[in-house]
Amino acid sequence: MSVLNQKTIKKSLEFKGIGLHSGKEVAMTLFPAPPNAGIIFKRSDLKNNNLIFPSVFNVSSASYCTKLTNESGVSVSTVEHLMAALCGLGIDNLLIDLNSEELPIMDGSAKNFVELIEKVGFKISDQPIRIIKIDKKITYKDNEKFIIFEPNKITLEIDFEIKYRQNSILNQRNKKNIYMDDLKDMFYSRTFCLFEDVEKLKKLGLAQGGSLDNAIVLKGNEILNTEKLRNANEFVNHKILDCLGDIYLAGHRMVGKITSSQGGHNVTNQGLRELLSNNENFSIIELKEKNIPHSFLVRNSLKSSA
Ligand SMILES: [Zn+2]
């Protein structure tokens, strides 16, 4: 069986938690899915039109989290951390069943998702992987925020920078080679927010489930959580995690170079819309032994032997 073939999980997996923004309790089950099914969300609390197929074009809101809405108006939100885990682990096909509108936030990172998926293991199909290869450079700018998508021969590289005037601790830049680096730091990095924004978010009806158990809260440069930083670049590593999850909404893993400064869900989504709205900007390739970027071989053989 080729390591380049599409993967799902071996057995179903359950997660329970609360939605970061909704504050609602949610039970989520991941089920193995057949080759070429892709990633599918199912709202089991609703009887009709309850399937949501991730796409960069059905992102209905990208402020503070990524929300997907189908043509019948049914939504799932805060999909980015699980999507990043699936992309980083190379899961092509999966049914995600949940009984609420928002995914569980867990500890604010992708740690729990990754650990349980790795524990249950992977099932490799006989169908080849498809990837999106960036063919043309695309830049999306929103004042000082930007994202650039560029061609890259062998892997997916995300270079991210964050800058904050009041909180110098947040001025970080890091780069991850998604198919070759150890992604543990990125998977384990938690979401963060500024202490002065907590009240504002709650008044907007957001962060209702937010606490020091699922977000790093900063007062100036001081971390209010008992658990201090999990890694020196935790803030920017979380932004790379978010970016990867948002990119996976493109439908397949990607090969390219992505550079972003001070961006976030909205900037990434706007850039992706521009990239994917013209066929000349990208191609979809079926991976066969001879056209494989060698980084895929490294990552996939590591995973299948795990
Ligand atoms: Zn996030």
What's the total number of residues in the stretch 76-102 that are part of a loop (DSSP other than H, G, I, E, B), buried (at least 21 other Cβ atoms within 10 Å of the Cβ) and at negative phi? 4
Taking the stretch 108-135 and keeping only residues that are open to solvent by 50 Å² or more (accessible area, probe 1.4 Å), within 19 Å of the chain's Cα centre (by Cα) and more than 16 Å from the ligand (Cβ to nearest atom), one is left with E115, L116, E118, R130, K133
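Name the residue, out of I147, I105, that is β-branched (V, I, T), in contact with a helix residue (DSSP H, G or I) (Cβ under 7 Å, 6 or more places away or on another chain) and either modelled with pLDDT of 95 or more or not in a helix (DSSP H, G or I) (or both).
Details: I105 fails: in contact with a helix residue (DSSP H, G or I) (Cβ under 7 Å, 6 or more places away or on another chain).
Result of the check over I147, I105: I147.
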The stretch 41-58: number of residues that are open to solvent by 30 Å² or more (accessible area, probe 1.4 Å) and either over 15 Å from L249 (Cα atoms) or of a type in the set (A, V, I, L, M) (or both): 8
Is the stretch 55-67 home to any residue that is out of contact with any Asp or Glu (no Cβ under 8 Å at 6 or more places or on another chain), in a loop (DSSP other than H, G, I, E, B) and among the charged types (D, E, K, R)? no
Would you please name the residue that is nearest to L275 (Cα to Cα), looking only at residues in the stretch 48-86 that are within 14 Å of the ligand (Cβ to nearest atom) and among the hydrophobic types (A, V, I, L, M, F, W, C)? A62
Before we move on, is V255 of a type in the set (V, I, T) and more than 22 Å from S168 (Cβ to Cβ)? yes
Select from the stretch 136-159 the residues that are within 18 Å of N278 (Cβ to Cβ) and open to solvent by less than 60 Å² (accessible area, probe 1.4 Å) and list them in ascending order. I138, Y140, I147, I148, F149, E150
Give just the number: which of (1) small (G, A, S); (2) under 19 Å from the mean Cα position of the chain (by Cα); (3) open to solvent by 10 Å² or more (accessible area, probe 1.4 Å); (4) modelled with pLDDT of 95 or more does G73 not satisfy? (2)
Every residue in the stretch 185-215 that is in a helix (DSSP H, G or I) and touching a residue at least 60 places away in the same chain (Cβ under 8 Å), please. M186, F187, Y188, L201
When you look at S22, is it surrounded by fewer than 18 Cβ atoms within 10 Å (Cβ to Cβ) and polar (S, T, N, Q), yes or no? no
For the structure I just gave you, tell me whether N269 is in a loop (DSSP other than H, G, I, E, B) and either away from the ligand (no atom under 12 Å from the Cβ) or touching a Lys or Arg at 6+ places or on another chain (Cβ under 9 Å) (or both). no
Among residues of the stretch 18-35, those that are more than 13 Å from I117 (Cβ to Cβ) and either under 18 Å from the mean Cα position of the chain (by Cα) or not small (G, A, S) (or both), counted: 9
Does G17 satisfy the condition of being within 16 Å of the ligand (Cβ to nearest atom) and over 19 Å from D246 (Cβ atoms)? yes
Here's a check for you: in the stretch 217-246, which residue that is touching a helix residue (DSSP H, G or I) at 6+ places or on another chain (Cβ under 7 Å) and among the β-branched types (V, I, T) is farthest from the ligand (Cβ to nearest atom)? V217
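The values are calculated or read from the model by the stated rules, or taken from the named source; none is laboratory data. Computed from a predicted structure; not experimentally measured. Here Cβ is always computed from backbone atoms with ideal geometry, including for glycine, and neighbour counts include all displayed protein chains. To get the accessible areas, we keep the full protein, side chains included, count just its heavy atoms, and leave off ligands, DNA and RNA. Shrake-Rupley method; radii C 1.70, N 1.55, O 1.52, S 1.80 Å.
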